[in-house]
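The values are calculated or read from the model by the stated rules, or taken from the named source; none is laboratory data. Here the structure is a predicted model, which means the values were calculated and not measured. Methodologically, a virtual Cβ is constructed for each residue, glycine included, from the backbone with ideal geometry; neighbour enumeration extends over all protein chains shown.
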Amino acid sequence: MRVPYVAMWDSEKAVAEAALAVALTPEPPRLVYQGRELPSDRDGFGVLWARRSYSPGVGRPDFASMYPGRQYECMYAMKCQVCGGPADRNKDGWLFFDWRNELDPPSWPEGALSAMPPLCAKDARLSMTVCPKSGAFTALRVRAPRVWGVGGVSYRLTVDGWRLNHGDTDIWLPKDDPGLHSMLASKLIRELRKVTPVNPRDLHHAVKEEIVAAFRKLRRTLARWSSPRAQPSVPRPFTVPVEDRLNEWLPDPAFLPDSAIRSRTRGSWYPMHVVEYEAKALEIDPEAMAARIKSAGGTLHGERLMRRYVYDPIPPVEGRWVRLRDAGGAVTLCVKTINSDAIDGTQETETTVGSFEDTHALLGLMGLTHRSYQESRRSSWLLDGVRLEIDTWPRIPPYLEIEGDDAEQVWQTAERLGIPETELTSENTQKIYARYDIDLDTITDLRF
Ligand SMILES: [Zn+2]
């Protein structure tokens, strides 16, 4: 029998409770680990997560338990709980399984809380036929699976330190609950909104579509490889760490996926797993492109001037820099550190500040002089859930960026906008500048 990706293995051991400690600042006392905290220890709400050794495939699987990190990864990034690949999604939403329990509202399945990550169509169909319990659960399409909170164990502070609250072996708390500071989380919970129960026959259809899509993707990849023109410009198409992309999206949280908001508020949990699909079409006419997006049914979500200063810290530290950014009204100050030993590489401490100019002046008074200044213009569009940005940078022609949840979505959108696939690239801004023989690194002042 196949072992689900999220299942726990008996070789994966929990870290002893003795590793837990109390942090008295900031108030209230918080649950922490002794010693250095790892980037993966805390989630976007600041909740501490259960640590466990990682050795999937070693020993025997425990089908009844989910490994916290993999549960989180699947639930957060909408991956299939069985194979770890992308979960299925169609116009009615993501594919989930759920069964009614006593905590569910009378409106169930609408508004149900679930700790079970979504599934791909193939595995959903397999589970329906193979799993003996399949009669007990219902396949659902969920258009708005909102992050609701976390599940885990709850501690209470005593004179001897943390004590497990009796009977609380699996409590679920919403993401704004004050009890989260003494919680050790092991699962991410989503609230299933805009739910449609699935007819098993539709699932069969979804599997077919998935297979067709996989073939189409393969064909496109092969076409790309054999196209001499596209070869040098598309080294690793569409795979970009999500964090940096999301940071660009400050002003309009209303149309972000909720994962994005959390990722922005406080580092991210498993950034190495979270992948956003994006592609750029270079040398566009911004007005003509805006008109094309509009006539395809897209909506404009703001135009803004983005500005950023980069400073060296005092004293200078290798791999660390200070960044002040104005993303069109939302001004943030951030220190980034590249840790060679961390898996995800970059750590980020960020806060929102008031005025861009005043903060720049304050930093100057504190002795920080800027290493570089850059500005760019961005107009953000949304077309059927796909994010489109018309980016204008000084000294180079404007380009369009298409960001979707999967590569297929990106290609389809490009097609709708009349952009041939061969015109797409995944180069970063620095590389695009290099196309015009400009070394972005050497420009200390880049403005219109
Ligand atoms: Zn799967």
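Annotation note: of ARG308, ARG320, ARG245, ARG262, the sole residue that is out of contact with any Gly (no Cβ under 8 Å at 6 or more places or on another chain), modelled with pLDDT under 80 and surrounded by 14 or more Cβ atoms within 10 Å (Cβ to Cβ) is ARG245. Residue count for the stretch 418-448 satisfying the condition of being assigned to a helix (DSSP H, G or I) and charged (D, E, K, R): 5. Taken together, GLN71, GLN34 contain a single residue that is within 15 Å of the ligand (Cβ to nearest atom) and over 25 Å from GLU209 (Cα atoms), which is GLN71. Taken across the stretch 55-62, residues that are within 27 Å of the chain's Cα centre (by Cα), free of Cβ contacts under 8 Å to residues at least 40 places away in the same chain and in a loop (DSSP other than H, G, I, E, B) do not occur at all.
Among all residues of the stretch 40-57, there is none that is within 16 Å of the ligand (Cβ to nearest atom) and crowded, with 23+ Cβ neighbours inside 10 Å.
In the stretch 109-129, the residue that is nearest to GLU210 (Cα to Cα) out of those that are hydroxyl-bearing (Ser, Thr, Tyr) and away from the ligand (no atom under 12 Å from the Cβ) is THR129. The one condition from (1) over 30 Å from LYS91 (Cβ atoms); (2) surrounded by fewer than 18 Cβ atoms within 10 Å (Cβ to Cβ) that GLU415 does not meet is (1).
Checked against (1) modelled with pLDDT of 90 or more; (2) out of contact with any Gly (no Cβ under 9 Å at 6 or more places or on another chain), THR413 passes all but a single condition, namely (2). For the stretch 87-108, a tally of residues being surrounded by fewer than 19 Cβ atoms within 10 Å (Cβ to Cβ) and within 16 Å of the ligand (Cβ to nearest atom) returns 1. Checked against (1) surrounded by 18 or more Cβ atoms within 10 Å (Cβ to Cβ); (2) more than 26 Å from the chain's Cα centre (by Cα), ILE402 passes all but a single condition, namely (2). Of all the numbered requirements in (1) more than 16 Å from the ligand (Cβ to nearest atom); (2) part of a loop (DSSP other than H, G, I, E, B), SER65 misses one, and that requirement is (2). In the set (1) of a type in the set (A, V, I, L, M); (2) surrounded by fewer than 23 Cβ atoms within 10 Å (Cβ to Cβ); (3) modelled with pLDDT of 90 or more, the condition left unmet by MET75 is number (2).
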